[in-house]
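Just below is one structure, and these are the notes that go with it.
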Amino acid sequence: MQRLIPVRIACIATSAVPSRTANSIQLMKACAALAEIGQDVALWVPGKPPAGGAAEACEFYGVRAPLGIRWLRSLRSLRGYDFCARACLAGRRWGAELFYVWPYQAAALCSTLGWPVLVEVHDRPYGRMGPALFRRTLRGRGLRRLLVTTEALRAWLEAEFKRPLAPPLALVAPNAAELADPPDRLSPSDWRSLLGLPEIFTAGYTGHLYAGRGLELLLGLARHLPEAQFLWVGGENLAVEPGSRTGAAQRRGQDRRAVTWPSGVSRTSTPVTKPLPRVSRTVTPVAYTGVSKPRVRNSVVPFGELGAQAVAKSP
C-alpha cells in the first residue's frame with residue numbers, strides 16, 4: 001500500500017455504540033481501519049458512554065487501534081439534527097481536516113459550509129428529507145468523496161440526481177471482510193467436518209435473519225442449486241430461539257421449522273447446526289447456525305484499502 005499522509009478525520013454516525021447492530025459494527029471497523037493506517041481518528045456518536053468509556057467500546061468490537069470516541073446527548077424528537085450539528089461543530093473545534101460521515105444531516109451541513117467531507121452511502125436516500133439533504137450535499141463546496149458500496153447504487157444515484165458520479169468524486173468500495181488474526185488455515189472440508197455438515201459444496205451467509213436481509217434470494221438460489229448446501233450464520237437470540245421463525249420463512253411460508261439446540265450445548269460460544277430436511281424436491285437442505293457472542297470480532301466491514309486511499313488527502 002502506498003504511504004498515506006496523516007489526516008485528522010472526524011467521523012460522525014448515528015449508530016448506537018456499543019451495540020450488536022450491523023451498522024455499529026461496520027462503523028467501528030471502518031474507523032479502526034483508518035486508525036490502523038496512521039490516521040488521527042475521532043468518532044462522535046449519540047447517547048451515553050458505557051461505564052468504561054471508549055476503551056470498553058473498543059474492546060467490545062475487538063478494536064485495537066487508537067480511537068477516540070465522544071458521546072453526545074440527542075433529543076429523539078429532533079431526529080438527529082441536533083446531534084449532527086453539535087458533532088460537526090465539535091469536530092471543527094477539534095481541528096478536523098476531513099469529516100467522514102454517514103448521516104445526510106451531517107453531510108449536508110459540512111458540504112454547505114465548505115468543510116471537506118466524505119460521505120459513505122449504503123442505500124438510496126429516502127423519506128421526505130433524505131433526497132433534499134443528499135441534493136444539498138452534492139451542491140455544497142465541501143464534498144470531496146462519495147463512497148458507495150455497490151455499482152448499482154452509484155448508477156441509481158447518478159440517474160436520480162442527474163449529476164455525473166464518477167471517480168474521483170464517487171468511488172465504489174464494496175463491503176470487505178476482516179480476516180482472522182492470525183489467518184485461519186482450516187480448509188472448507190475441515191470446517192464442514194467441525195460443523196457436522198455433509199461433504200458437498202457449501203455457500204455461506206453471515207448476518208441477521210429477519211425479513212429484508214435477502215434470505216428470500218438465498219432460498220431462491222437453493223431451489224436452483226440442489227447440488228449445494230447453504231449455511232446461514234448469525235441472528236439475534238429471538239431469531240434462533242426454539243419456536244422462532246426467520247423473516248423469509250414467515251413471509252414466504254416455505255419452511256416453518258425453527259432452529260433447535262441439542263441439550264447441553266451453550267449458545268454463547270459454540271456454533272450449532274441443524275440441517276433441515278428438503279422443503280421440496282428441488283430445494284437443498286439449509287443449515288441454520290445460531291451464534292450468540294459476547295464480543296464482536298472478525299465481522300463483516302464495509303471498508304478496505306480502496307476506502308483508505310480515498311481519504312488519504314482530499315484535493
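Under the classification rounded if a/c is under 1.5, otherwise prolate if a/b is larger than b/c and oblate if not, where does region 47-185 fall, given a ≥ b ≥ c as square roots of the Cα gyration tensor eigenvalues? In terms of gyration-tensor shape, oblate.
Select from region 1-109 those trypsin sites (Lys or Arg not before Pro) which occupy a DSSP coil region and have at most 13 other Cβ atoms within 10 Å, ordered by residue number. Intermediate values should be presented prior to the final figure.
Values: sites: R3, R8, R20, K29, R64, R70, R73, R76, R79, R86, R92, R93; in loops: R3, R20, R64, R73, R79.
The qualifying sites are R3, R64, R73.
What FRET efficiency comes out for the pair M129/R93, r = Cβ-Cβ distance, R0 = 41 Å, nearest 0.05? The value I calculate is 0.95.
Net charge of the neighbourhood of R86, taken over other residues with C-beta under 13 Å away and scored Lys/Arg +1, Asp/Glu -1, is +3.
With Cα atoms defining each centre, region 145-176 and region 24-71 are spaced 26 Å apart in the structure.
What is the local net charge at C110, summed over the other residues whose Cβ is closer than 11 Å to its Cβ (Lys, Arg +1; Asp, Glu -1)? Cβ neighbours under 11 Å give a net charge of +4.
Please give me the summed charge of the neighbours of T150: other residues whose Cβ is under 14 Å from its Cβ, Lys and Arg +1, Asp and Glu -1. Display every interim value, and only then the final one.
Working: positive: R124, R154; negative: E120, D123, E151, E158.
Charge balance in the 14 Å sphere: -2.
For region 45-131, which chymotrypsin sites (Phe, Trp or Tyr not before Pro) are in a loop by DSSP, counting at most 12 other Cβ atoms within 10 Å?
Details: sites: F60, Y61, W71, Y81, F83, W94, F99, Y100, Y104, Y126; in loops: Y126.
Here the sparse-neighbourhood loop sites are Y126.
Give, in nm to one decimal, the length gained when the segment between I5 and A155 is fully stretched (0.36 nm per residue of separation minus the Cα-Cα distance). Before the final figure, lay out each step's value.
Values: separation 150, 0.36 × 150 = 54.00 nm, distance 3.06 nm.
Result for the pair: 50.9 nm of gain on full extension.
Placing a label point 7 Å from the Cα of W191 along the Cα-to-Cβ direction, the residues of region 206-235 whose backbone N falls under 17 Å from that point are 206-208, 228-235.
Any read-out appearing in this document is the output of simple, stated calculations on the displayed coordinates, not a laboratory observation. This is a predicted model, so every value here is computed, not measured. We place every Cβ from the backbone using ideal geometry, glycine too, and count neighbours over all the protein chains shown.
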